[in-house]
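Laboratory data are not the source of any read-out in this text; all were calculated from the coordinates shown. Because the structure is a prediction, the values reported are computed rather than measured. Note that each Cβ is placed from the backbone with ideal geometry, even for glycine, and that neighbours are counted across all protein chains shown.
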Amino acid sequence: MAEGTTSVELVQLADYRFEASFGVPGMPALVTDEPPPLGGNTGPSPDHLLAAAVANCLASSLLFALRKFKNQPEPIRAAAVVEKARNADKRMRISRIAVDLHLGAASAGMQMLDRALAQFEDFCVVTQSVRAGIAIDVRVFDADGTQLKPV
């Protein structure tokens, strides 16, 4: 049995546009849509939502790992790119997600940086779950543009 649950309800508004409600009082609904030719591109697509979920989980996990050692890496910025390819049955699938995480501070003087970088991905629930079926590449840069991971 799962330790926790998260629920989302989708209601079709028109064509491929849906309203996603999250069942949390005060949390606004989100309108999703498919890009043309199917939809009207009036909201994020499932691809966007998956990329956002993976990038957000990684950014949050990195922030937590760095703060645990009394670092102040804010503001963290994440950029994700979803790659698609056809599988053996010629069906379009997401084949890879590349995520770049950018710290808002220089890495010089950060405490236990190597340890935080080595372990933050392991605590990212969404990324590790998605990674079981989709390749996910992660790079981390500090505010000076120095690539910290992978090294």
Handout entry: Distance between modelled label sites at residue 129 and residue 27, nm, 7 Å Cα→Cβ extension
Key = 1.2 nm
Problem - Centroid-to-centroid separation of region 17-35 and region 39-93 [C-alpha atoms, Å] - result: 18 Å
Handout entry: Efficiency of FRET from Cβ geometry, residue 146 and residue 47, R₀ 30 Å, rounded to 0.05
Key = 0.50
Fill in the blank from the handout: Restricting to Cα pairs under 8 Å and 6 or more apart, the percent relative contact order of the chain works out to 17 percent
Fill in the blank from the handout: Taking placed amide H atoms and a strict 5 Å upper bound, the residues 5 or more places from residue 143 or on another chain that come that close are 103, 105, 106, 107
Exercise for the section: Between residue 112 and residue 17, with labels modelled 7 Å along Cα→Cβ, what's the label distance in nm to one decimal, could you check? Expected result: 4.9 nm
Problem - Chain lengthening between residue 139 and residue 87 when straightened (0.36 nm per residue, less Cα-Cα) - result: 16.1 nm
Problem - Charge dipole magnitude, Cβ of K and R +1, D and E -1 - region 1-128, Cα centre, debye nearest 20 - result: 340 debye
